[in-house]
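Colleague: Handing you a structure now.
The values are calculated or read from the model by the stated rules, or taken from the named source; none is laboratory data. These figures come from a predicted structure and were not determined experimentally. No Cβ is skipped: glycine too gets one built from the backbone with ideal geometry, and neighbour counts run over all protein chains shown. Surface areas here come from the heavy atoms of the whole protein model, side chains and all, with no ligands, DNA or RNA. Shrake-Rupley method; radii C 1.70, N 1.55, O 1.52, S 1.80 Å.
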Amino acid sequence: MTTSAGAGKLPDGYDPNRDAASDLQAALALSAGDQRPVLIDFGANWCPDCKVLDKLFRSEQVAPLLRDDYRVVAVDVGRFDHNLDLAAQYVDLQRSGIPALVVLSPDGAVRTASNDGAFSNARSMTANTVAAYLKRWSQK
């Protein structure tokens, strides 16, 4: 996984070997400069809905929004046994399931978190639905 923090690229899956806390801090440091919010995507490579969301993130409706309006950090939660301390700071994975999305302000404050499980059934979502969420969240 890479963060889009420097290169404008979307993360490539959920890499269990990444230091998620460091990735998040790097994204927040860059965000402090350009005031773009940070989107944290908590998920796992085994998760079907996470895979669907990844495809939606790469769609023509969503990819430009992520590239231009956010810094994206993917955090691997394994089989709910990895990076749980980090996740618990921002989202309740018991309620939200995965994928779970959190938007942070450049100062690290939580703008929104998908504690309602809105993305845990990403298979039923369209790119336009995801884009609508991202547009609304970037305006907060």
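This table checks each residue for (1) surrounded by 16 or more Cβ atoms within 10 Å (Cβ to Cβ); (2) within 23 Å of D15 (Cα to Cα); (3) β-branched (V, I, T).
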| residue | (1), (2), (3) |
| --- | --- |
| Q35 | no, no, no |
| L56 | yes, yes, no |
| V75 | yes, yes, yes |
| L93 | yes, yes, no |
| G117 | no, yes, no |
| N121 | no, yes, no |
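Colleague: Additional query: Of everything in segment 122-140 that's at pLDDT 95 or above and polar (S, T, N, Q), which residue is nearest to V103 (Cα to Cα)?
Modeller: Checking each candidate, the answer is T129.
Colleague: Would you call L65 closer than 12 Å to D41 by Cβ, at pLDDT 95 or above and either aromatic (F, W, Y) or surrounded by 15 or more Cβ atoms within 10 Å (Cβ to Cβ) (or both)?
Modeller: The answer is no for L65.
Colleague: Kindly provide the set of residues from segment 41-65 that are more than 18 Å from L93 (Cα to Cα) and not in a helix (DSSP H, G or I), ordered by number.
Modeller: Once the filter is applied, which keeps residues that are more than 18 Å from L93 (Cα to Cα) and not in a helix (DSSP H, G or I), segment 41-65 yields R58, S59, E60, Q61, V62.
Colleague: Counting only residues that are in a loop (DSSP other than H, G, I, E, B) and among the small types (G, A, S), which one in segment 4-28 is modelled with the highest pLDDT?
Modeller: G13
Colleague: Of all the residues that make up segment 77-91, how many are in a helix (DSSP H, G or I) and open to solvent by less than 10 Å² (accessible area, probe 1.4 Å)?
Modeller: 1
Colleague: Further, regarding this structure: Search segment 81-110 for residues that are of a type in the set (K, R) and at pLDDT below 95 and pair each with any residue that is open to solvent by less than 20 Å² (accessible area, probe 1.4 Å) and not in a helix (DSSP H, G or I) when their beta-carbon atoms are under 9 Å apart and the residues are at least 6 apart or on different chains.
Modeller: R95/G117
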